[in-house]
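Here is the structure we will look at, set down as structure tokens.
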Amino acid sequence: MKKQPSHMMKPILSLFLLFCIPLMGLSYQLRGKVTGPDGQAIPYVSIYEQHTTYGTLTNMKGTYTLELDEGMHTLVFRHLGYKDERVEVNIKGNQVLDVQLSLADIQLETVEIEAGKEDPAYPIMREVIKNKRNFVKQFDTYTCETYLKATLEKDTLIRKVKNPIPDSVLAKKKDREQLELIESVSQTYFRSPNTYKSVVKAYRDFADKVSGGGTSVTISDQGTFIGDGYEDVTNPYLFYTDVSDADINFYKNLIVAKDIGDRPFISPLHNTLWNITYRYKLEEKFYENGRVIYKIAVTPKNEIGPFFKGIMYVVDELWALKSVNLEIVPNTLSFYKEFHLVHDYEKTKDSRWILTREEYYYRIEERKNQYYGNSLAMHKEYELDIDIPNRFFKNELRSMEQEALERDSAYWSSTRPVTLKERELNYIKVRDSIIAYHNSDEYLEKQDSLFNHLDWKSFLFNGVKFRDRLRGMTYFFDPLIAQVRPFGVGGYRHAISGNVRKNFDKGYDLRVRGTLNYGFRNQDLKGAIRVGYTYLPKKFARAYVRYGDEYVLVTFFENLSTILSRSNFINKKYYGFGHFMELVNGIYLDVGFEHATRTAIDSLELAEWSQDLFGADNVPRDFAAYMEFLMDIKLRFTPNQKYKSLPYRKVVVGSTWPTFQLQYKKSIPGVFGSELDFDFVELTARQDLQLRIFGEAHWRAYAGRFLRTEEFRFTDLKFIRGSDPFLFTAPLDFFQLLDRTFSTQNAYFQGLYLHEFNGSLINKIPLLRRTPLQINAGGGVLAIQDGSFLHSELFAGLQIPFRILKQRFKIGIYYVTAYGNYDGALNGQVKVGISTYNPSTNRWSY
């Protein structure tokens with residue numbers, strides 16, 4: 001019987017593998033820096049092996065890394081405006097090679113082109129375009145192993161001042177670079193035309209996280225609301241951390257990459273637009289593996305637009321792409337200042353071409369910070385036209401094996417197909433040791449002690465916090481600044497709020513949120529408490545109970561001028577319970593029950609400022625108190641909902657199909673003294689469509705009515721929000737020129753549409769196409785059975801995108817025109833609005 005290694009031997013074997021496996025590889029890492037005559041770094045220098053298509057680029061700091069086999073290599077360093085530099089290097093191990101380029105002698109001379117003559121690149125490109133249908137769909141399915149590494153370096157800029165800081169001091173101050181890194185090993189599966197799924201075998205994430213902005217299937221402790229169904233935590237500065245994030249295929253006419261730009265990018269191989277959008281020049285030809293390779297320079301005829309420029313390598317007679325080295329015209333980038341990419345392709349034994357390497361370089365500016373990003377994907381061990389059951393893909397874009405987060409250094413060293421930079425290896429080593437220490441009881445106790453430290457800032461601004469991570473407990477009480485409520489009902493109110501959270505294993509949690517607030521003018525105490533328990537995180541399953549006695553809004557659908565007026569407040573004493581869950585993928589059920597006693601607030605003494613601010617709208621509604629027991633059911637269905645699976649968590653990505661929701665509300669008489677008796681139903685539908693070069697289309701539709709109205713009150717009416725003066729608000733939710741808020745108990749219909757042209761129209765306007773301006777347009781129609789009311793409107797606007805730190809915005813000016821049968825007049829108004837971007841869903845609020 002074979003003797004098993006002892007427990008003492010296992011660590012020794014791991015260390016042996018850690019150090020020996022890299023030495024067993026065939027490649028070594030050549031790294032260095034490329035500078036000009038003045039010693040300044042040159043970014044995006046093309047570095048490649050002579051007479052091959054294999055190469056890389058320098059980053060914004062002029063540094064590069066290149067994997068090379070042992071032996072002699074001739075490298076070419078090339079950049080516009082500099083002389084080509086050819087360097088022979090003998091690779092015997094990991095080496096450093098710094099290169100200084102000399103300025104080129106540029107002479108301008110008139111070039112005469114004879115009639116009928118064209119650059120030899122044009123017939124080559126015509127052949128590539130004519131044959132590209134052979135490469136768009138070379139296989140129906142495939143699988144391969146993918147290694148992916150995304151890094152982000154932060155560099156703090158030091159601005160020059162009148163009294164310059166000595167270089168030695170400045171260098172120390174500038175040495176504040178921060179590194180973020182994500183790497184993974186996964187099995188990628190593909191089905192034509194563009195369905196991807198990755199099964200993650202190993203994953204490590206050392207990147208900062210930013211909340212996605214759109215809350216996922218939002219499970220409110222208050223219940224009866226199903227959110228947008230999107231949730232993720234991500235860093236919007238990191239590009240391409242999963243194979244489903246982007247599908248950049250130059251054989252396709254248009255390349256849609258929302259993370260890079262709002263508009264689809266026009267491929268240099270576009271069937272019909274190639275000759276009117278691009279120029280081509282044959283720079284050289286050489287032999288590689290017995291084949292002639294054409295090196296063709298690609299430049300757009302218009303420097304303003306969604307175009308590429310750079311180099312494409314084409315294989316003679318086969319008319320296939322061997323490699324591309326391109327950058328995107330900067331003015332079309334939505335987030336980045338610069339964006340470059342390198343793709344390498346290889347021919348299989350049966351003469352099909354596969355993508356083996358993708359690399360992306362980009363730069364981001366944020367105030368005094370520069371971010372330099374690099375994403376590398378290596379694909380190997382392809383299996384083509386394999387039998388993959390349709391049910392395997394379904395709607396899951398990514399799954400993660402349980403041990404993916406537990407891989408050790410020996411695994412990464414044996415699996416990683418590239419050699420990491422010394423700085424990256426040191427970074428990972430330090431982060432691994434930090435994480436190990438951070439998981440120790442000693443560290444958790446120390447951090448809890450620091451976290452629980454109280455000072456005057458905690459009481460005033462940050463809140464009073466207490467955490468015990470060993471037991472999974474967190475307590476929080478609002479700071480003084482959040483307790484002060486000067487504009488409360490009846491005048492100044494003081495509130496004390498807090499929450500308690502208990503985390504269990506596998507994503508389970510218990511949350512308690514409570515608040516008490518006291519009004520000094522009327523000497524009244526109000527409050528509420530909510531308790532929710534998540535017990536199946538991957539199904540979003542959550543049960544909740546709540547109780548409260550509060551002043552609440554009659555409707556959230558009042559416009560800004562009246563929503564806080566006292567006519568929109570009543571007193572509500574309630575208790576309720578409910579349950580939310582995803583039944584199967586894309587189908588959600590939310591069931592809630594509530595018993596409430598509603599009373600008027602006309603007996604309250606109101607503050608004088610509210611009388612002056614709201615005028616006649618400040619008179620509270622006068623009505624007799626009543627009780628109600630309400631059942632509220634929402635059933636939501638999104639066909640083909642895409643998602644990613646993580647350990648104990650599910651991230652919903654979205655769908656190209658509409659989302660439908662059926663809501664049914666029933667007030668049940670006689671239950672705990674309930675006096676109301678009605679049935680209400682509403683059907684909603686919504687969809688977001690990608691129209692490629694024509695932008696995006698979004699529509700929403702709402703239709704509903706009361707089925708029975710034996711007994712009901714104004715608080716249960718259907719409200720339709722009136723418009724705000726001069727402010728353009730969420731055109732997929734509200735109308736822009738509706739003169740007042742409507743309420744009805746009869747049938748109604750709302751239809752709203754928004755079209756974002758994303759620059760496709762601006763490109764055709766000479767004076768504006770050099771600007772980042774974008775055009776959007778849309779409209780809506782509202783029909784209410786009461787009085788056969790009909791309102792319709794159209795709008796068009798100009799928007800300009802901008803960014804504050806990691807958040808993107810668009811501010812716009814819009815002209816809205818409306819017609820309604822209530823006054824028979826055509827009205828118009830100029831409005832201003834602002835839209836925000838959600839990096840998790842790749843969507844604008846409008």
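Details
- Filter result for VAL292 (among the hydrophobic types (A, V, I, L, M, F, W, C) and within 35 Å of the chain's Cα centre (by Cα)): no
- Restricting ARG352, ARG398 to those that are in contact with a Lys or Arg (Cβ under 7 Å, 6 or more places away or on another chain), over 30 Å from THR771 (Cα atoms), surrounded by 15 or more Cβ atoms within 10 Å (Cβ to Cβ) and of a type in the set (Lys, Arg) reduces the list to ARG398.
- Failed condition for GLU406, given (1) exposed (fewer than 12 other Cβ atoms within 10 Å of the Cβ); (2) modelled with pLDDT under 85: (2)
- Residues (among the aromatic types (Phe, Trp, Tyr) and open to solvent by 40 Å² or more (accessible area, probe 1.4 Å)) located in region 679-720: PHE694, TRP699, TYR702, PHE712, PHE714
- Across region 84-99, a minimum of one residue is classified as of a type in the set (A, V, I, L, M), within 25 Å of LYS154 (Cα to Cα) and exposed (fewer than 14 other Cβ atoms within 10 Å of the Cβ).
- In region 206-233, the residue that is nearest to GLY695 (Cα to Cα) out of those that are at pLDDT 60 or above and open to solvent by 40 Å² or more (accessible area, probe 1.4 Å) is LYS209.
- Any pair with Cβ under 9 angstrom, 6 or more apart, that starts in region 580-607 at a residue that is without any contact (Cβ under 8 Å) to a residue 24 or more places away in the chain and ends at one that is buried (at least 18 other Cβ atoms within 10 Å of the Cβ) and assigned to a loop (DSSP other than H, G, I, E, B): ASP602/PRO620; SER603/PRO620
- Scan of region 528-561 for residues that are in contact with an Asp or Glu (Cβ under 6 Å, 6 or more places away or on another chain), in a loop (DSSP other than H, G, I, E, B) and crowded, with 17+ Cβ neighbours inside 10 Å, ordered by number: PHE540, ASN559
- Restricting LYS285, LYS281, LYS295 to residues that are open to solvent by 20 Å² or more (accessible area, probe 1.4 Å) and either modelled with pLDDT of 90 or more or part of a loop (DSSP other than H, G, I, E, B) (or both) narrows the list to LYS281.
- Taken together, SER743, SER723, SER760, SER674 contain a single residue that is open to solvent by 50 Å² or more (accessible area, probe 1.4 Å) and of a type in the set (Gly, Ala, Ser), which is SER743.
- Evaluation of TRP609 against the conditions (1) crowded, with 18+ Cβ neighbours inside 10 Å; (2) over 24 Å from LYS539 (Cβ atoms); (3) at pLDDT below 90 shows that the sole unmet condition is (1).
- Considered as a group, the residues in region 562-585 that are part of a loop (DSSP other than H, G, I, E, B) and hydrophobic (A, V, I, L, M, F, W, C) include one that is least open to solvent (accessible area, probe 1.4 Å), and that residue is ILE563.
- Test: residue in region 313-332 that is touching a His at 6+ places or on another chain (Cβ under 6 Å) and of a type outside the set (Asp, Glu): yes
- Filtering region 502-542 to residues that are in contact with a Leu (Cβ under 9 Å, 6 or more places away or on another chain) and without any contact (Cβ under 8 Å) to a residue 12 or more places away in the chain leaves only LEU525.
- The single condition among (1) buried (at least 17 other Cβ atoms within 10 Å of the Cβ); (2) within 23 Å of the chain's Cα centre (by Cα); (3) more than 18 Å from ASP590 (Cα to Cα) that GLU628 does not meet is (2).
- Residue within region 615-629 that is out of contact with any Leu (no Cβ under 9 Å at 6 or more places or on another chain), outside any loop (DSSP other than H, G, I, E, B), touching a residue at least 24 places away in the same chain (Cβ under 8 Å) and farther than 14 Å from ASN568 by Cβ present: no
- Of everything in region 554-581 that is within 33 Å of the chain's Cα centre (by Cα) and aliphatic (A, V, I, L, M), the residue that is modelled with the highest pLDDT is MET581.
- Filter pass, TYR822 being over 25 Å from the mean Cα position of the chain (by Cα) and surrounded by fewer than 18 Cβ atoms within 10 Å (Cβ to Cβ): yes
- Scanning region 631-656 for residues that are open to solvent by 50 Å² or more (accessible area, probe 1.4 Å) and part of a loop (DSSP other than H, G, I, E, B) yields a count of 3.
- Enumeration of residues in region 301-319 that are modelled with pLDDT of 90 or more, crowded, with 18+ Cβ neighbours inside 10 Å and not aliphatic (A, V, I, L, M): PHE307, PHE308, GLY310, TYR313, TRP319
- Scan region 1-57 for residues that are crowded, with 16+ Cβ neighbours inside 10 Å, at pLDDT below 85 and of a type in the set (A, V, I, L, M) and the total you get is 3.
- Selected residue (criterion: nearest to the chain's Cα centre (by Cα)) from residues of region 596-614 that are in a helix (DSSP H, G or I) and charged (D, E, K, R): ASP612
The values are calculated or read from the model by the stated rules, or taken from the named source; none is laboratory data. Note that this is a predicted model, so its numbers are computed, not measured. When we count neighbours, we look across all protein chains shown, and the Cβ atoms used for this are built from the backbone with ideal geometry, even at glycine. Protein only, heavy atoms only, side chains kept; ligands, DNA and RNA dropped before computing areas. Shrake-Rupley method; radii C 1.70, N 1.55, O 1.52, S 1.80 Å.
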